[in-house]
Structure formats: structure tokens, C-alpha cells
Amino acid sequence: MSEPHAAQSSALNDFMDGLVRRNPGQDEFHQAVHEVACDLLPFIAEHEKYRDAMLLERMTEPDRIVSFRVCWTDDDNCVQVNRGWRVQFNNAIGPYKGGLRFDPEVTESVLKFLGFEQCFKNALTGLPIGGAKGGANFDPKQHSDTEIMRFCQALMNTLVHYVGPNQDIPAGDIGVGQREIGYLFGQYRSLTREFVGALTGKGVSFGGSELRTEATGFGVLYFVKDMAERLDRDLDGARVAISGAGNVACHAARKAIELGAKVVTLSDSKGMMHGRDGLDAEQLATAQRMKGEHRCSIEQVADELGWRYHEGAKPWGVECDIALPCATQNELDGDDAKRLLDNGCWLVAEGANMPCTAEAVEAFQQDDAMSYAPGKAANAGGVAVSGLERAQNAQHLVWTRDRVDEELQRIMREIHDRCVRHGGNGDGRPVNYRKGANIAGFEKLADAMLAQGVL
Ligand code: NDP
């Protein structure tokens with residue numbers, strides 16, 4: 001190992017040892033920080049203004065974490081108790097912003113990794129929004145609509161003390177869609193007697209933005225289009241493997257079909273469906289309706305559409321040109337990455353947050369035939385349109401769908417350009433989008449923190 005590499009790896013080990021000691025057992029958080037530190041420690045060492053300011057140490061310590069009891073009564077009048085969290089990570093460039101996740105498996109570690117990534121993602125959008133994340137160990141899939149409403153109201157009874165249009169503006173994430181945001185917003189409005197943009201992802205009839213629901217998935221495809229153009233490749237006819245069948249997956253699939261690609265898989269937590277000819281728009285609408293409105297499984301969707309269903313399987317073993325993991329963290333591991341590369345896949349863009357394990361990312365980055373984009377860049381379209389929703393609320397205006405779509409495309413192109421600026425390799429190798437995203441996000445956040453003093 002050469003001298004600079006030895007020094008860098010020792011700095012990384014020291015930094016990570018400290019982080020693990022301060023945050024024991026939080027594997028997802030360690031993983032997200034490690035990925036960022038690999039790119040940033042050498043960058044910080046090369047730039048005098050960032051050295052000695054302990055910026056990465058400060059950025060990895062959340063401003064605060066609120067954890068609280070959520071009590072509500074179910075349809076049988078029994079008392080239920082859940083735990084809610086809000087992790088307010090960093091508000092140096094704008095009020096805290098990030099989704100709420102309702103998932104029985106959610107932990108503080110998961111919310112910390114998501115909140116940390118959100119700081120970089122939000123900085124990358126160019127909008128004035130800081131980073132946060134929150135949620136609860138609650139499973140909406142197991143509850144009736146009235147139970148979900150009562151749960152959301154109970155959660156907001158406490159969350160109301162920490163959120164607001166200039167303080168912290170939550171949005172949706174896994175298990176939190178427009179229905180949940182509606183109930184949360186209603187309770188916020190009732191408690192505060194104010195109609196303000198304290199949440200985004202609202203229904204369009206009460207302050208929501210056009211295209212917010214579609215924005216993350218559409219944004220992924222706008223980003224993929226720019227990546228493909230840089231590679232001189234065409235999306236027309238490209239086979240796209242997508243995981244998940246929720247908000248991000250279905251809207252990524254819809255835009256992929258619009259751009260002429262063939263969507264050959266969708267999945268859920270139980271299995272995946274595969275069809276070589278690809279979904280058409282009507283079949284996708286059926287899948288979306290069955291999953292969303294009727295809570296069907298992908299197995300039932302496959303049955304309805306006459307597609308092949310593979311119990312317990314992930315989409316990464318099928319032949320494809322492009323892979324878009326859009327379900328959840330660590331759903332694509334080193335073996336999956338190898339399978340994708342062996343099958344000729346040439347582009348991976350993360351629709352979900354941290355869906356690829358560290359081994360998978362390493363495998364993609366080692367292969368010059370592969371272009372890989374991390375979630376903090378590729379899936380930033382959702383928070384970007386949330387930022388636009390906030391702007392519309394503050395102006396008391398409603399923008400047209402076309403205007404929001406134009407803005408979304410512009411923001412995704414600018415994120416792509418920022419990644420290329422900081423992650424481009426002059427040597428003909430693929431752009432290192434991970435490094436580009438980490439450095440571009442860091443610069444914006446670090447400059448704001450330096451300018452505001454030691455806090
Ligand atoms: P949804 O709740 O709408 O959908 C999640 C989908 O992932 C469901 O189809 C679910 O299947 C599937 N899934 C969950 N766990 C697993 C698993 N272990 N293996 C395979 N599939 C699984 O969530 P979203 O689409 O909103 O979010 C998906 C990802 O995108 C998350 O990582 C989220 O953080 C990220 N994201 C979301 C944004 C947004 O605007 N919504 C913005 C940016 C990122 P099942 O029904 O069986 O549970």
C-alpha cells in the first residue's frame with residue numbers, strides 16, 4: 001500500500017472507530033457514514049479551509065433526536081402503544097426536511113442513516129432545506145383506515161411541538177403516503193389553528209403540489225436519462241429491472257415506459273414478478289391499483305396479469321440493462337451485484353435509500369462497464385418537489401403540473417451535473433457518482449456551517 005493510501009485508511013479507521021463507539025449497534029448508520037467518509041476524508045485533507053473544523057464529526061452528530069410514546073385506541077377500543085421519533089440532523093442550509101416512515105421494523109439506527117443521507121441529498125438539490133427523518137414502529141398494512149387516522153392524530157399530538165413551516169417540515173416515506181399525510185396535516189391544523197405548509201406531500205386540494213406523488217420515481221428516470229446520454233446509450237428498448245411496487249417503484253416504472261424502456265420486473269417483500277416483454281402502461285396501472293388500493297400482493301398481481309411469479313426471489317437475477325432498486329435498504333447485496341454484472345447490466349440507479357450493500361457498491365464501482373448512482377442523487381426528485389411545495393405554500397400559489405415537471409427536470413439535471421463536476425474521471429472511466437454526490441453535498445453544507453460559526 002502506498003503512503004497516501006495508508007494514511008487515508010488509518011484516518012478512516014480512526015474516524016469510524018470513534019463513530020462506532022459513540023453509536024453502538026447502529027449498523028445502518030455506520031454503513032451510511034462509512035460510505036460518505038471514504039470520499040470525504042481525503043477531500044477534507046486536501047482542502048485547508050475544511051481541515052481542523054471537525055466538520056464530518058459535527059455532521060454525523062444530529063442536532064437532536066426526539067423519541068416519544070404514541071398512545072391510541074384501536075377499533076376494539078383497546079389501548080395501543082407505539083414509539084415515534086424525529087431525528088433533526090442539520091438545519092444549516094434551511095429548515096429540517098425529510099420523510100416519516102411507518103414500519104414495524106424501523107429503528108433509531110435506520111432513521112439516523114436516513115436523516116444523515118437526507119442532509120447531503122437536500123444540499124444537492126440546490127434548495128434551502130436541511131436534513132431530518134422520522135417515523136414510528138407502526139404497520140399501516142395491519143390496520144383499518146380509522147385506526148390509521150387515530151394513530152396519525154396521536155403521533156401529531158406530540159410531533160406538533162417540533163415541526164412547523166420554518167422549523168421542520170416532514171413528508172412521506174415507506175408506509176406514509178397521501179392518506180397518512182392528510183391525517184397528520186389535519187391534526188396539525190386543528191391543534192395550531194393555522195393553515196401553513198408544515199408538511200409536504202399533501203393532497204392537491206389542500207396545499208399539496210402537483211406531481212409530488214410521482215416526483216421521486218420520475219426524478220430517478222430523469223437522472224437515468226442523463227446518465228445514459230453521457231454513456232451514449234439509449235433508453236428506448238432498454239430492459240429495466242425494478243424492485244418494490246410502492247410509490248417510488250411504480251412511478252419509476254411509469255416514466256421508464258413513457259421513455260420507451262421495458263419494465264421487466266416488480267417485486268414486494270414476498271417475491272417478484274418477471275415478464276420478458278415488459279409491462280405496458282395499462283398493466284402497470286392495474287398493478288398499482290391492486291397494490292395500492294386493494295393491498296394485494298405481487299403474487300396476486302402476477303396472477304392477474306399472467307406474469308411469472310417467483311416466491312422469495314429478488315429481481316437481480318434476471319437479464320436486464322438497467323437495475324433500479326426502489327424498495328428498501330440493503331436489498332441488493334454483493335452476490336446480486338455480481339449476477340447483474342454477469343448478465344450485462346450497465347446502469348444501476350438507487351430509487352430507494354441505501355438499497356445496495358457496501359459490497360454491492362464496491363463491485364459496481366470496480367467495473368468500468370457499469371455506471372452506478374447513489375440514492376442521495378438519483379432519488380432526490382421527491383424532496384425537490386417537496387421543496388417546491390413549500391415554496392408554493394409560502395407564496396400562496398399553485399403551480400401547474402407542467403411547471404413543476406420542468407422544475408423537477410431542471411433540478412435533476414443540475415444534480416447530475418454537480419455529480420459529474422466532482423466525480424468525473426478524465427481518464428475515460430465512468431463517472432464516480434457516489435464521490436461526486438458526497439463532495440457536492442458536503443461543500444454546500446460545510447460552507448454554510450463554517451460561515452455560521454462553531455455550533
Ligand atoms: P412504499 O411504502 O410506497 O413502498 C415500498 C415497497 O417496497 C413496497 O412494495 C414493499 O413491499 C417493498 N418492500 C419493503 N420491504 C421490502 C423488502 N425487504 N424486500 C423487498 N421489497 C420490500 O415506499 P416508497 O416507495 O415511498 O419508498 C421506497 C424507498 O424509496 C425507501 O427506501 C424510501 O426511503 C425511498 N424514498 C422514498 C421517497 C418518496 O418520495 N416516497 C423519496 C426518496 C426515497 P410490501 O408491500 O410487501 O411491504
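The values are calculated or read from the model by the stated rules, or taken from the named source; none is laboratory data. Since the structure is predicted, the reported quantities are computational estimates derived from the model, not experimental observations. Here the Cβ positions follow ideal geometry from the backbone for every residue, glycine too, while neighbour counts run over all protein chains shown. Surface accessibility is based on the protein's heavy atoms, side chains included, excluding ligands, DNA and RNA. Shrake-Rupley method; radii C 1.70, N 1.55, O 1.52, S 1.80 Å.
Size descriptor for the stretch 181-291, Kirkwood hydrodynamic radius: 15.7 Å (Cα pairs only, one decimal). Taking 0.36 nm per intervening residue step and subtracting the Cα-Cα distance, what contour gain separates V20 from E229 on full extension? In short, 71.2 nm is gained. Per residue, the average separation of C-alpha pairs within less than 8 Å and at least 6 apart gives the chain a relative contact order of 14 percent.
Per atom type, the chain shows carbon and sulfur on 45% of its accessible surface, probed at 1.4 Å. Could you please report the charge total around S267, scoring K, R as +1 and D, E as -1 over all other residues with beta-carbon less than 13 angstrom from its beta-carbon? Here the charged neighbours net out to -1.
Take the stretch 3-59 with all the other protein chains still there, run a 1.4 Å probe, and you get 54 Å² of accessible area per residue. Here the ratio of the Cα radius of gyration of the stretch 152-195 to 2.2 N^0.38 Å is 1.06. Determine the sum of side-chain charges near T400: Lys and Arg each +1, Asp and Glu each -1, restricted to other residues whose C-beta is under 13 angstrom from that of T400. That works out to -3.
Shape summary of the stretch 3-59, radius of gyration then Dmax from alpha carbon positions: 11.4, 34 Å. Of the Cα atoms belonging to the chain, the radius of gyration and Dmax stand at 21.2, 67 Å. Here the Kirkwood formula, the inverse mean of 1/r across different C-alpha pairs, assigns the stretch 268-340 a hydrodynamic radius of 13.1 Å. Ranking A6, A37, N23 by Cα position along the charge dipole of the stretch 3-59, where only Lys, Arg, Asp and Glu carry charges on their C-beta atoms, puts N23 farthest toward the positive end. The sum of -39500 (n - 2.57) across all DSSP H runs of n ≥ 4, divided by the residue count of the chain, sets its helix-only mean residue ellipticity at 222 nm to -15500 deg cm²/dmol. A Cα-only calculation for the stretch 64-196 places Rg and Dmax at 14.3, 48 Å. Database remark: amide H of R239 closer than 5 angstrom to the amide H of K262, D321, I322 (H placed geometrically; neighbours at sequence offset of 5 or more, or on other chains; Pro and chain starts carry no H). Within the shell of other residues whose beta carbon sits under 12 angstrom from the beta carbon of Y309, the net charge comes to -3, with Lys and Arg scored +1 and Asp and Glu -1. Long hydrophobic helices in the chain: the complete DSSP H runs spanning 18 Å or more by Cα along their own axis with mean Kyte-Doolittle hydropathy of at least -0.5 are 27-46, 108-124, 145-159, 212-230, 381-395, 433-451. State which entries of K202/K444; K133/K262; K262/K444; K97/K444; K112/K444 exceed 27 angstrom in Cα-Cα distance in the structure shown. As for pairs spanning more than 27 Å Cα to Cα, those are K202/K444; K133/K262; K262/K444.
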